1. Show me, for the range 48-61, the HN-Hα J-couplings you get by feeding each phi into the Karplus relation (A = 6.51, B = -1.76, C = 1.60, θ = phi - 60°), rounded to Hz, glycine and proline as x.
2. Figure the gain on full extension for ASN76 and ASP6 (residue separation times 0.36 nm, minus the Cα-Cα span) and round it to one decimal in nm.
3. Starting from the Cα-Cα distance between HIS64 and ARG25, subtract it from 0.36 nm times their residue separation and give me the gain in nm to one decimal.
4. Given the DSSP H assignment, sum -39500 (n - 2.57) over each helix run of at least 4 residues in the chain and divide by its residue total; what's the result at 222 nm in deg cm²/dmol, nearest 500?
5. Rolling a 1.4 Å sphere over the protein heavy atoms, what is the accessible area per residue of the chain, to the nearest Å²?
6. Karplus couplings for the range 72-78 from phi (6.51 cos²θ - 1.76 cosθ + 1.60, θ = phi - 60°), rounded to Hz, Gly and Pro as x?
7. Using a cut-off of 20 Å between alpha-carbon atoms, which lysines can reach LYS31, once sequence neighbours fewer than 8 places away in the same chain are excluded?
8. Based on the alpha-carbon gyration tensor of the chain, what equivalent-ellipsoid semi-axes (square roots of 5 times the eigenvalues) come out, in whole Å, largest first?
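The values are calculated or read from the model by the stated rules, or taken from the named source; none is laboratory data. Just so it is clear, the structure is predicted and the values come from calculations on it, not from any experiment. Accessible surface is based on the protein model in full, side chains and every heavy atom, while ligands, DNA and RNA are left aside. Shrake-Rupley method; radii C 1.70, N 1.55, O 1.52, S 1.80 Å.
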Amino acid sequence: MKTILDDPHVLNAVMQEFEIHKLPRILLLKKQVDDGGLLSTAEVDFLKAIYNEITQYEPFVETHAEFESLYINFVNLYRNILDTAMENEQASA
């Protein structure tokens, strides 16, 4: 099944947007929770929005194995950040 990401220009734009604008913020949030910090509602909303965006690309990933590890790594990073944030929240309560 073809998706919008099958257009190389769209794929390139999506990858650049993620790499330049979203990934740096995600990695800062990971460091924040790894250092024992909590996430604000806005930060959780940001992560959820990114997760929702990325998971809509699953049909593309299913037909383009070269993106599977990137996709899995992002999902695992997302889960790790939220799991650590929940642990930090419970520890601070």
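1. Going residue by residue, I get 5, 5, 5, 4, 4, 5, 5, 5, 6, 8, 4, x, 5, 4 Hz, with x marking Gly and Pro.
2. 22.8 nm
3. Extra length available between HIS64 and ARG25 comes to 11.4 nm.
4. Here the helix-only value at 222 nm equals -23500 deg cm²/dmol.
5. 66
6. 4, 4, 5, 4, 5, 4, 4
7. Partners found: LYS22, LYS48.
8. 29, 13, 10
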